[in-house]
Amino acid sequence: MTAALRRYGRLYRVFARNNVVRELEFRANFWAKVFTNLSWLLLNVLFLEVLFANTRSIAGWREGEVYVLLGTYMITRALMDILFTPNLGQIPTMIRMGTMDFVLTKPVPSQFFVSARYLSLDEIGSLVSAIAVLAYGVVKAGLTPSLGQFLAWGFLTLCGLALFYAIQFLLMTLSFWLIRLDNLTHLADIVVWNARYPIDVFGRRLGLFFTYVLPLAFLATVPTLALKEGVKLWWLVAGTLLTLLFLQLAARFWRYATRVYTSASS
């Protein structure tokens, strides 16, 4: 187990070094993407400002608390875009072009290779901005979370990131059967986009669905509640169990898909 982790660590360092070199070759593109991401952040902030100019709360959530939720969602999204999105979005093309054949023959687990080969370092600006939005929300809401609350928020945010990865990976694995459907990435975005809103706005039934069946609540709402209302044990337990379940489902579905895959040349 330890030897395998060291092997993965060495391989990931090689991937990271190659990505840094690539970003240094295209610096103008790097800064253009940073500017685009900051513009997207500004639009989200302006939307909230306009919204709360006409109401004091949304489903019981005050303005500062919604900023905390938005910041949490954006942190999760930025980490996803840095670590996984540039990889998973290439799966349909790899299958269609036949390069998936070479991935499956490499002496490294194929799921790790297709998930970790690229890093989108130009999303770091989004991560820094998201942290700023979170901090602004905490101050504006007048929250004074304890160290335990921050630790719980961090753990639940990592659970949300892992769930985000698993959900998107499950959708992208469908590419083995839906080869010409290039919009699976956009479908994943549409599904996860709902996590920007407090789960309370969807009502009881949809709220339960988005908590336990399609656990979007753990991408932002539940971590925010840890800062807002204090730590509850069932959040930590549910987050852990759901994360392990979805990661296992993603891994099993990938193994099944690669097992029945007949390659582009057959």
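Would you check if E63 is touching a residue at least 40 places away in the same chain (Cβ under 8 Å) and farther than 30 Å from N18 by Cα?
On the way: touching a residue at least 40 places away in the same chain (Cβ under 8 Å): yes; farther than 30 Å from N18 by Cα: yes.
It is true that E63 is touching a residue at least 40 places away in the same chain (Cβ under 8 Å) and farther than 30 Å from N18 by Cα.
Give L79, L119, L127 a once-over and let me know the one that is buried (at least 19 other Cβ atoms within 10 Å of the Cβ), in a helix (DSSP H, G or I) and within 23 Å of the chain's Cα centre (by Cα). Only one candidate passes the filter, namely L79.
Out of V50, V20, I need the residue that is modelled with pLDDT under 70, assigned to a helix (DSSP H, G or I) and over 22 Å from V192 (Cβ atoms). Which one? Walk me through how you get there before you give the answer.
Values: V50 fails: modelled with pLDDT under 70.
Just a single option satisfies the conditions, and that option is V20.
What helices (runs of 4 or more DSSP H), lying completely within segment 164-263, carry at least 3 residues that are buried (at least 19 other Cβ atoms within 10 Å of the Cβ), of a type in the set (G, A, S) and out of contact with any strand residue (DSSP E or B) (no Cβ under 7 Å at 6 or more places or on another chain)?
On the way: elements: 184-193, 203-208, 221-229, 233-260.
Qualifying helices (runs of 4 or more DSSP H): 233-260.
This table checks each residue for (1) at pLDDT 90 or above; (2) not β-branched (V, I, T).
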{"residue": "S57", "(1), (2)": "no, yes"}
{"residue": "T72", "(1), (2)": "yes, no"}
{"residue": "G89", "(1), (2)": "no, yes"}
{"residue": "R96", "(1), (2)": "no, yes"}
{"residue": "Q111", "(1), (2)": "yes, yes"}
{"residue": "L119", "(1), (2)": "no, yes"}
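The values are calculated or read from the model by the stated rules, or taken from the named source; none is laboratory data. Everything quoted here is computed from the prediction, not taken from an experiment. Ideal geometry is used to build each Cβ from the backbone, glycine not excepted, and the neighbour counts take in all protein chains shown.
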